[in-house]
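Just so you know, all these numbers are worked out from the coordinates, no wet-lab data involved. These figures come from a predicted structure and were not determined experimentally. Cβ sites come from the backbone with ideal geometry, for glycine too, and all protein chains shown count toward neighbours.
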Amino acid sequence: MNITANNPAKAPRIVLYGTSGIGKTTFAATCPSPVFICIEDGLGQLAVDHFPIVKSFDELITCLTQLKQEQHQYWTVVIDSLDWLERLIWTRVAQDQNKTSIEEIGYAKGYIFALEYWNRFLSALDTLRESRSMMPILISHALVKKFNSPITDPYDRYQLKLHEKAEALLREWADLVLFATYKVTVKPADEKKKTAARGVGGTERVLYTTERPGWLAKNRYNLPDELPFESAALFEAMNPQ
């Protein structure tokens with residue numbers, strides 16, 4: 001029988017998304033020996049190793065191939081960001097179909113064609129993870145979108161800023177989908193002053209690891225629901241002594 005044991009020591013596949021300016025790129029820069037593949041120019045003043053900004057899907061695959069084939073000291077590959085990568089994929093799909101835009105492909109088939117490129121991208125990351133033990137961290141911006149629940153009234157929640165088909169694929173592939181934001185506390189209602197309960201934001205940055213009505217998240221490591229938004233806190237929780 002072709003039965004093998006699972007290897008829990010494999011590097012986790014991480015998708016990290018969050019509100020604007022929360023520090024997603026800085027978080028990834030503090031992970032073990034990172035190298036960045038940037039689709040957007042978002043490094044700012046961070047002193048990290050990176051490839052030149054990629055401007056096509058083929059350039060991205062070339063970067064991943066080099067990391068697989070060449071000798072280097074990197075342990076983490078960071079993709080910044082997924083929603084900018086999606087634009088490159090849509091451009092490639094439109095070119096394949098001799099269209100100027102993915103929207104011109106009838107019956108929304110363009111977004112199905114795009115999944116082929118997403119799968120190629122994820123396969124390349126999995127190859128790096130298997131052959132070079134590299135940990136992929138995929139950064140995305142956040143989007144507030146209405147969720148039509150089958151058991152409650154519709155409500156808004158944060159999710160990856162991607163087309164729903166790509167978002168579902170990335171969420172299924174990842175071992176961790178982490179949502180970073182500022183912690184909000186609820187100020188109770190005051191009947192005497194006739195004020196309703198309301199959320200009060202602060203400066204504390206947190207990382208949510210499990211899904212709640214307000215955001216998408218998941219993890220396969222039995223993590224606490226909430227962690228400080230620091231890479232050291234995440235890896236300590238994943239590898240308790």
For Cα pairs less than 8 Å apart in space and 6+ apart in sequence, what is the mean separation divided by the residue count of region 13-102, i.e. the relative contact order in percent?
30 percent
Using alpha carbons only, how many degrees (0 to 90, rounded to 10) separate the axis of helix 164-173 from the longest principal axis of the chain?
80 degrees
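Roughly how large, in nm² to one decimal, is the mean projection of the convex hull of the alpha-carbon atoms in region 69-183?
On the way: hull surface 39.9 nm².
So the Cα hull casts an average projection of 10.0 nm².
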Hey, what's the per residue convex hull volume over the C-alpha atoms of region 84-145, in cubic angstrom?
105 Å³
Helix 57-69 vs. the chain, principal-axis angle (Cα, 0 to 90°, nearest 10)
80 degrees
Whose amide H sits under 5 Å from the amide H of Gly18, counting only residues 5 or more places off or on another chain, with H placed in the peptide plane?
Ser140, Ala142, Ala180
Multiplying the sequence separation of Gln66 and Ala168 by 0.36 nm and subtracting their Cα-Cα distance, what value in nm do you get?
33.9 nm
For region 29-38, just list the computed ³J(HN,Hα) in residue order, Karplus coefficients 6.51, -1.76 and 1.60, θ = phi - 60°, integers in Hz, with x standing in for Gly and Pro.
5, 8, 7, x, 6, x, 10, 9, 10, 9
By the scheme Lys and Arg +1, Asp and Glu -1, what is the net charge of all other residues having a beta-carbon under 12 Å from that of Tyr155?
+2
Student exercise, region 83-130 dipole from Lys, Arg, Asp, Glu Cβ charges, in Debye to nearest 20:
80 debye
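Compute, for the chain, the length of the dipole vector about the Cα centre, with Cβ point charges of +1 (Lys, Arg) and -1 (Asp, Glu) only. Units Debye, rounded to 20. Intermediate values should be presented prior to the final figure.
Details: 28 positive and 29 negative charges, 126 e Å.
Using only the charged Cβ atoms, the result is roughly 600 debye.
Can you give the percent of C-alpha pairs in region 1-104 whose distance is more than 18 Å? Mind showing how you got there, number by number?
Details: 3134 of 5356 pairs.
The answer is 59 percent, as a whole percent.
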Distant alpha-carbon pairs in the chain (separation over 28 angstrom), percent
37 percent
Surrounding net charge for Val48, when Lys and Arg each add one and Asp and Glu each subtract one, Cβ distance under 15 Å:
-3
If you build a Gaussian network model of the chain, linking Cα atoms that sit under 10 Å apart, which residue out of Val177, Val77, Val48 swings the most?
Val48
Cα lying deepest toward the dipole's positive end in the chain, options Pro213, Ala180, Val15, charges on Cβ:
Pro213
With all pairs of different alpha carbon atoms counted, what Kirkwood hydrodynamic radius in Å does region 140-183 show?
11.7 Å
Grab the DSSP H runs of the chain that are 4 residues or longer, score each as -39,500 (n - 2.57), total them, divide by all residues and round the 222 nm result to the nearest 500 deg cm²/dmol.
-10000 deg cm²/dmol
Using θ = phi - 60° and the Karplus form 6.51 cos²θ - 1.76 cosθ + 1.60, what ³J(HN,Hα) does each residue of region 15-20 get, whole Hz, x for Gly and Pro?
10, 10, 9, x, 5, 4
